[in-house]
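The values are calculated or read from the model by the stated rules, or taken from the named source; none is laboratory data. Because the structure is a prediction, the values reported are computed rather than measured. Counting neighbours? That spans all protein chains shown, and the Cβs are built from the backbone with ideal geometry, glycine included.
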Amino acid sequence: MKQKIRDLLKSRNAILLAHNYQPGEIQDVADMTGDSLELSIKASKTDADVIVFCGVHFMAETAVILCPDKTVLLPRTDAGCPMADMITAESLKKRLSELPEMPVVTYVNSSAAVKALSTICCTSANVVKVANSIDHHEMLMTPDRNLALYAAERTDKTIHIWDGCCPYHNALKPEDVTAARNVYPDAVFMAHPECPPDVLAMADVIHSTSGMIKFASESKAESFIVGTETGLLHGLSKANPGKRFYPVSTSLECAEMKKITLNDIVRSLEHMEGKVTVPEDIRRAALSSVERMIQLA
């Protein structure tokens, strides 16, 4: 099956991207793995005609935003993100009408339509840098309240918070961390900024998915408790074969991220199914907010 995928990719001049939360067998067959924005940026610099994005819908939209000259396929178009669904362009417009005029900082885990109404985008890795870059004391940060609370503690800006979250990260409790530490007392606890504040307060380090991989590779520690979606353990273990990684909770498994199968990828490539598009006016406006963020790097 994997060889068939590789053959199809070659015949279509296609590149296969897999998010860090995808099943291990999909990460292993991919050309690139990483977080959603990192993958889209890398793909935009290739000469591929087709991008097969193994992730969820907003990620494929981001690839369209950055790669308008390429065909973007999402093997399961019903793979969505509960957090991204917690905000719409309409609900954002309504909230802005209720607030004084201010910039909007939007997490990349959002639809193209929401990005198009935003001043600038951010990732979990650069949210504080983005907030500090804005020449305005107040801002609205959407859609993840935990990421906004994380940023608010690390800047003197006034951040208005949208009441959205990743339901998987948000469900993690301090007692889950305590239980994991009791089993693995020597392990370093790495937490994702999408976790609630009381969980982040217990973390040894707080990082994005790519940040966790980098930290684990550079750390002298030999074992780690991973406070994010369980799919990352595959990439962590692959990058660090001599180290041990344990999920902080087995409940941190996103059903949407596990929808795509190898069969779905084959079908998508054989029939060019699952094409994702973004209206050009929305794409251009969304590109502006994404590019503002990228220029900070």
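Just a few scattered comments:
- Residue list for the range 113-171, filter: buried (at least 24 other Cβ atoms within 10 Å of the Cβ) and among the charged types (D, E, K, R): Lys115, Asp144
- In the condition set (1) at pLDDT 95 or above; (2) under 30 Å from Thr250 (Cβ atoms), Ala125 is compliant with all but (1).
- Unmet requirement for Gly242, which otherwise passes all of (1) assigned to a loop (DSSP other than H, G, I, E, B); (2) in contact with a Phe, Trp or Tyr (Cβ under 8 Å, 6 or more places away or on another chain); (3) surrounded by fewer than 19 Cβ atoms within 10 Å (Cβ to Cβ): (2)
- Condition check for Lys220: of a type in the set (Lys, Arg) and in contact with a Phe, Trp or Tyr (Cβ under 8 Å, 6 or more places away or on another chain): no
- Residues in the range 172-183 that are of a type in the set (Asp, Glu) and surrounded by 13 or more Cβ atoms within 10 Å (Cβ to Cβ): Asp176 alone.
- Scanning the range 205-220 for residues that are closer than 16 Å to Ser124 by Cα, in contact (Cβ under 8 Å) with a residue 12 or more places away in the chain and either among the charged types (D, E, K, R) or in a helix (DSSP H, G or I) (or both) turns up Thr209, Ser210, Gly211, Met212, Ile213, Phe215.
- In the range 275-297, the residues that are part of a helix (DSSP H, G or I) and touching a Ser or Thr at 6+ places or on another chain (Cβ under 6 Å): Ser289
- Within the range 65-109, tally of residues that are of a type outside the set (A, V, I, L, M) and closer than 19 Å to Lys258 by Cα: 9
- Criterion: basic (Lys, Arg) and either closer than 24 Å to Leu252 by Cα or in contact with a strand residue (DSSP E or B) (Cβ under 6 Å, 6 or more places away or on another chain) (or both) - qualifying residue of Lys70, Lys94: Lys70
- In the range 193-204, the condition of being outside any loop (DSSP other than H, G, I, E, B) and out of contact with any helix residue (DSSP H, G or I) (no Cβ under 7 Å at 6 or more places or on another chain) is met by no residue.
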